[in-house]
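The values are calculated or read from the model by the stated rules, or taken from the named source; none is laboratory data. From a predicted model like this one, the values you see are computed outputs, not experimental measurements. Neighbour counts are summed over all protein chains in view; Cβ atoms, including those assigned to glycine, are modelled from backbone coordinates with ideal geometry.
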Amino acid sequence: MFSFIARRLGLLIPTFFGITLLTFALIRMIPGDPVEVMMGERRVDPEMHAQAMERLGLNKPLYAQYLDYVGKLAQGDLGESLRTRESVWTEFSSLFPATLELSMAALLFAGILGLLAGVIAALKRGSLFDHGVMGVSLAGYSMPIFWWGLILIMFFSVSLGWTPVSGRIDLLYDIEPRTGFMLIDTLLADEPGAFLDALHHLILPAIVLGTIPLAVIARMTRSSMLEVLREDYIRTAKAKGLSPSRVVFVHGLRNALIPVLTVVGLQVGTLLAGAVLTETIFSWPGIGKWLIEAIGARDYPVVQNGILLIACLVILVNFVVDILYGFANPRIRHQR
Amino acid sequence: MSTPTTSVAVDQSLLYPSPYKEFWQAFSRNKGAVAGLLFMVLVVFCAIFAPWVAPHDPSEQYRDFLLTPPAWLEGGQIQFLLGTDELGRDLLSRLIQGSRLSLLIGLSSVVMSLIPGILLGLFAGFFPRILGPTIMRLMDIMLALPSLLLAVAIVAILGPGLINTVIAIAIVSLPSYVRLTRAAVMGELNRDYVTAARLAGAGLPRLMFITVLPNCMAPLIVQATLSFSSAILDAAALGFLGLGVQPPTPEWGTMLASARDYIERAWWVVSLPGLTILLSVLAINLMGDGLRDALDPKLKNAA
Amino acid sequence: MSLLEIKNLNVRFGDATAVPVVDGLDLSVEKGEVLAIVGESGSGKSVTMMALMGLIEHPGIVTADALNFDGNNMLKLSNRQRRQIIGKDLAMVFQDPMTALNPSYTVGFQIEEVLRLHLKMSGKAARKRAIELLEKVEIPGAASRMDAYPHQLSGGMSQRVAIAMAIAGEPKLLIADEPTTALDVTIQAQIMDLLLALQKEQNMGLVLITHDLAVVAETAQRVCVMYAGQAVEVGKVPELFDIPAHPYSEALLAAIPEHSMGAERLATLPGIVPGRYDRPQGCLLSPRCPYVRDNCRQERPALDPKTNSLARCFYPLNQEVA
């Protein structure tokens, strides 16, 4: 187990450097004058231009610029947004909890429903339920989620008026952002009805964001379950006279869940990508919306380091999922 | 022991169906896959013959018929079967024209990433000591970012538009082909027939392309089909975000972006383009599933 | 009354037109007897026993005139009733021990499961008995092995654990489906000795499915030869080997490598077992039989008593009284 973790950690470092190289290269590839790109303003005056070049280190050879960049990152300097002049890190960390809250709600929704549907579909293979689950999940990951969001808004918000159209909470409420998680903050604040309102705002975006993970998890659980049920040890369990529910839930599920765990973890990437679209539709103030607006406004420090932060996040989560998988799989757990 | 009498030898090959027939039998058993295939034939037909199939010119604005509902609703007109958008353009014609774009984007991005992907995967599998891990590390880095974000980043750099959308999607799909090919190649390299070919003196190019690659094609074909559908989704997403194909070009996702403001007034401008995306992607995914089931020998009944 | 009685067992996968994997099989086993079932891969040996245990899944269809174990009509039992018998009075050991055990649970857990379910044991008593069982199957350091996971055991060890699980319920009949095929040659003999010792000690019936004729000769009292889903000959052990009645039995014996010492080629029958598309109308061996005559190709012989055994042949060999 130890060497497993060590090896995974060892892979983490070059991957991290690879990402910094990627984001560094990305910005350098933008066409146009580098000073304009980095400063966001036109410096017509040649003297100020030269000063800016000097200050930004753009005169140095590329590898030196890269080292500068990495050096700054190591010190925690991720640059400033061109629009707000706030540190990129500050903006990221203040907006991140919103995305996290949305993603976790979506993952909870997708995970619980998906596992349930997948297991039942596998047990009732070939039945109407099974075909239904397969069909719905196929539709789930075939549909453009931005369209799905709009349809749900049209139906539930506009026609039925059950859920709000946008934002995290009604403008009436003034909630102090203590944790950044609206659900927690509303509970801590002293405003009646605020918690329910926050929940109300969370439901539709969570469902929209969680639709694709739901489809993937349901399918994966079903196929993993079916594969496990074909294994020899299931036959042994049946031959021992164990009840069907014990065979499925004690002998089968334990082994079927292992690959599903990996898939669930990998959905984090999908969630972050989906967050970009979902946040745009629901005007949810998270990092997805932040990134898209930055791209549109050519706020390149935000674009560059925002992508870096998101990538690091995904890598970190994948790493944790890998380790958890190692614990779950007895073969890996007992390796030296 | 007495000498055995010769019995009539039955030519076994006459009794077993040919691989193509067997494939079609397996594929056609999957009704969903066949339905998907038929729908895609329809879409391809529309795409190829768009100028003749579409009732109107997609860019023509009928100032007197802004936001007309579809023909079967009150206020609808027969000449605009699916209604018109906010600039009075016929929705049906725009959707048909959009099918050309979606198919083009899907096809070109798949081809652009399939070929380098297979090559890189082959090399990674055949040279597992140094070249392989290097290539895979590169792919891991590319996979570290969710594909849409990477595509968004690439388009952010290159600028919006059709060609850049295709390039971005091709780059983003590359790692999965490389991984798939490498995994398949490494699986095959252990097999006896490869050793036999090596012993018979096969050179590297022959080993790669003639001995091993054909046996890896099944998962690649399935992946290509699924990439095609995610290419359409990603292109639509980029269009929706304003980063892909730009208006007035009638790409389905781009059409949705401008439709956002009309959720309350004109639901058909919002629903129909998205529905077309859903149906097309669904059809391709159904086909892909059918392909996988038909090509995967493990699933064939042993009895 | 026999411990196990099978009459006209048919197993097919699919509808009535599908090829039967087991075709009109008759078999019986007495209390405390060792019966061996031999045949090539695909002859239906394992499927027969799986059908008895009720382990044949959709789309398999099992029909029989009689499928009786220990007085129970296995065809008519409800699932719950069947589950009270299998794992307890009727147990099975499978071919590949490395995949037969659940990789996520310890050895102790998997053995105790049987004790808890069928013998109603619990807690310390169950654990103690499980350790005793491990010692009975000659696993050294049994107490510490209880907490081992299957992947930590070798093939031979895993099979011993599987045997321990099977005898935990104190079965009246144990079915061993090619128990040593997946093991090293040196371990094979040990496992066979163990099985036989246990059989004698518990006075269990033992059905041994194998394709190793040497093992059959040493261990079984009766043997059933299967070909293409049918029983082609059933008889007592030394007699069938010395004077086989069915041409296929003769061919099997002739194909043992030791019988071809000094010859240039192994003695074999030309052709292959009939598959899905080429099942003969007449006797299933007719395309390959060295003694085939015209009516063999048209009609199918029944399994009838011949001089020394039951044989499915119109023109059995060695019919003079022994």
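Among the residues of region C:31-44, is any in a strand (DSSP E or B) and within 14 Å of chain B (Cβ to nearest Cβ)? For region C:31-44, residues in a strand (DSSP E or B) and within 14 Å of chain B (Cβ to nearest Cβ): absent.
The residues of region A:133-144 that are more than 8 Å from chain B (Cβ to nearest Cβ) and surrounded by 18 or more Cβ atoms within 10 Å (Cβ to Cβ), listed by number, are A:Val133, A:Met134, A:Ser137, A:Gly140. Applying the selection to region C:84-94, what residues are out of contact with any Gly (no Cβ under 9 Å at 6 or more places or on another chain) and either within 7 Å of chain A (Cβ to nearest Cβ) or at pLDDT below 90 (or both)? Result: C:Met92, C:Phe94.
Is one or more of the residues making up region A:169-187 crowded, with 17+ Cβ neighbours inside 10 Å, in contact with a Lys or Arg (Cβ under 8 Å, 6 or more places away or on another chain), without any contact (Cβ under 8 Å) to a residue 60 or more places away in the chain and not basic (Lys, Arg)? The answer is yes, given that some residue of region A:169-187 is crowded, with 17+ Cβ neighbours inside 10 Å, in contact with a Lys or Arg (Cβ under 8 Å, 6 or more places away or on another chain), without any contact (Cβ under 8 Å) to a residue 60 or more places away in the chain and not basic (Lys, Arg). With respect to the stated conditions, A:Leu226 is in a helix (DSSP H, G or I), touching a residue at least 40 places away in the same chain (Cβ under 8 Å) and within 14 Å of chain C (Cβ to nearest Cβ). Inside region C:182-212, residues that are within 14 Å of another protein chain (Cβ to nearest Cβ) and in a loop (DSSP other than H, G, I, E, B) make up a count of 1. Quick check on region A:196-206. Is at least one of its residues more than 14 Å from every other protein chain (Cβ to nearest Cβ), surrounded by fewer than 22 Cβ atoms within 10 Å (Cβ to Cβ), assigned to a helix (DSSP H, G or I) and without any contact (Cβ under 8 Å) to a residue 24 or more places away in the chain? Yes: one or more hits.
Out of C:Cys289, C:Cys313, which single residue is away from chain B (no Cβ under 14 Å), crowded, with 17+ Cβ neighbours inside 10 Å and out of contact with any Lys or Arg (no Cβ under 7 Å at 6 or more places or on another chain)? Going through C:Cys289, C:Cys313 in turn, the sole match is C:Cys313.
The single residue among C:Glu264, C:Glu239 that is of a type in the set (D, E, K, R) and in a helix (DSSP H, G or I) turns out to be C:Glu239.
For region A:59-70, the criterion of being polar (S, T, N, Q), within 26 Å of the chain's Cα centre (by Cα) and not in a helix (DSSP H, G or I) is satisfied by no residue at all. Restricting the first residue to region B:20-39 and requiring it to be in contact (Cβ under 8 Å) with a residue 40 or more places away in the chain and farther than 18 Å from B:Ile221 by Cβ, which pairs with a second residue that is surrounded by 13 or more Cβ atoms within 10 Å (Cβ to Cβ) and among the aliphatic types (A, V, I, L, M) meet a Cβ separation below 7 Å and a spacing of at least six or different chains? The qualifying pairs are B:Ala35/B:Leu286; B:Phe39/B:Leu279; B:Phe39/B:Ala283. The single condition among (1) assigned to a loop (DSSP other than H, G, I, E, B); (2) modelled with pLDDT of 75 or more that A:Asp190 does not satisfy is (2). Of all the residues in region C:127-154, those that are assigned to a loop (DSSP other than H, G, I, E, B) and within 14 Å of chain A (Cβ to nearest Cβ) number 4. Yes or no: region C:269-276 includes at least one residue that is β-branched (Val, Ile, Thr), within 14 Å of chain B (Cβ to nearest Cβ) and either under 26 Å from the mean Cα position of the chain (by Cα) or assigned to a loop (DSSP other than H, G, I, E, B) (or both). Scanning region C:269-276, I find at least one residue that is β-branched (Val, Ile, Thr), within 14 Å of chain B (Cβ to nearest Cβ) and either under 26 Å from the mean Cα position of the chain (by Cα) or assigned to a loop (DSSP other than H, G, I, E, B) (or both), so the answer is yes.
Residues in region C:40-73 that are modelled with pLDDT under 85 and on the phi > 0 side of the Ramachandran plot: how many? Break it down stepwise before answering.
Filtering region C:40-73 for residues modelled with pLDDT under 85 gives C:40-44, C:57-59.
Restricting the remaining residues to those that are on the phi > 0 side of the Ramachandran plot gives C:42, C:44.
Qualifying residue count, region C:40-73: 2.
So which of A:Ala275, A:Ala218, A:Ala256 is in contact (Cβ under 8 Å) with a residue 12 or more places away in the chain, within 14 Å of chain C (Cβ to nearest Cβ), in a helix (DSSP H, G or I) and touching a helix residue (DSSP H, G or I) at 6+ places or on another chain (Cβ under 6 Å)? Spell out the reasoning first.
Details: A:Ala275 fails: within 14 Å of chain C (Cβ to nearest Cβ); A:Ala218 fails: within 14 Å of chain C (Cβ to nearest Cβ).
The unique qualifying residue is A:Ala256.
Look at A:Ile169 and say whether it is modelled with pLDDT of 85 or more and β-branched (Val, Ile, Thr). Explain how you work it out, then say what you get.
Details: modelled with pLDDT of 85 or more: no; β-branched (Val, Ile, Thr): yes.
No: the conditions fail for A:Ile169.
Each row is one residue, and each column tells you yes or no for (1) more than 10 Å from chain A (Cβ to nearest Cβ); (2) in a helix (DSSP H, G or I); (3) on the phi < 0 side of the Ramachandran plot.
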| site | (1), (2), (3) |
| --- | --- |
| B:Ser230 | no, yes, yes |
| B:Leu238 | yes, yes, yes |
| B:Pro250 | yes, no, yes |
| B:Leu282 | no, yes, yes |
| B:Asn285 | no, yes, yes |
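Somewhere in region A:291-304, is a residue part of a helix (DSSP H, G or I), touching a residue at least 12 places away in the same chain (Cβ under 8 Å), surrounded by fewer than 23 Cβ atoms within 10 Å (Cβ to Cβ) and polar (S, T, N, Q)? The answer is no; no qualifying residue exists.
I'd like to know if region B:182-197 contains one or more residues that are crowded, with 23+ Cβ neighbours inside 10 Å, of a type in the set (A, V, I, L, M) and either touching a His at 6+ places or on another chain (Cβ under 8 Å) or not in a loop (DSSP other than H, G, I, E, B) (or both). Full working, then the answer.
Kept after step one, since they are crowded, with 23+ Cβ neighbours inside 10 Å, are these residues of region B:182-197: B:182, B:185.
Of the ones still in play, those that are also of a type in the set (A, V, I, L, M) are B:185.
Next, only the ones that are either touching a His at 6+ places or on another chain (Cβ under 8 Å) or not in a loop (DSSP other than H, G, I, E, B) (or both) stay: B:185.
Yes.
Can you spot a residue in region C:141-164 that is among the polar types (S, T, N, Q) and surrounded by 18 or more Cβ atoms within 10 Å (Cβ to Cβ)? So far as region C:141-164 goes, yes, one or more of its residues are among the polar types (S, T, N, Q) and surrounded by 18 or more Cβ atoms within 10 Å (Cβ to Cβ). Considering only residues of region A:10-21 that are touching a residue at least 60 places away in the same chain (Cβ under 8 Å) and among the hydrophobic types (A, V, I, L, M, F, W, C), which is farthest from A:Leu67 (Cα to Cα)? Among those residues, the one meeting the criterion is A:Leu12.
Regarding region B:197-205, can at least one residue be identified that is within 22 Å of B:Ile141 (Cβ to Cβ), among the small types (Gly, Ala, Ser) and free of Cβ contacts under 8 Å to residues at least 60 places away in the same chain? Looking for residues that are within 22 Å of B:Ile141 (Cβ to Cβ), among the small types (Gly, Ala, Ser) and free of Cβ contacts under 8 Å to residues at least 60 places away in the same chain, one finds none in region B:197-205, hence no.
One residue stands out in region C:100-119 among those that are within 7 Å of another protein chain (Cβ to nearest Cβ) and in contact with a Ser or Thr (Cβ under 9 Å, 6 or more places away or on another chain): the one that is surrounded by the fewest Cβ atoms within 10 Å (Cβ to Cβ), namely C:Leu117.
Condition check ((1) in contact with a Ser or Thr (Cβ under 8 Å, 6 or more places away or on another chain); (2) more than 24 Å from A:Leu271 (Cα to Cα)) across all residues:
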residue: A:Phe109; (1), (2): no, no
residue: A:Gly118; (1), (2): yes, no
residue: A:Asp130; (1), (2): no, yes
residue: A:Val158; (1), (2): no, yes
residue: A:Trp162; (1), (2): no, yes
residue: A:Ile169; (1), (2): yes, no
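Scanning region C:15-39 for residues that are touching a strand residue (DSSP E or B) at 6+ places or on another chain (Cβ under 8 Å) and among the β-branched types (Val, Ile, Thr) turns up C:Val19, C:Val21, C:Val22, C:Val29, C:Val34, C:Ile37, C:Val38.
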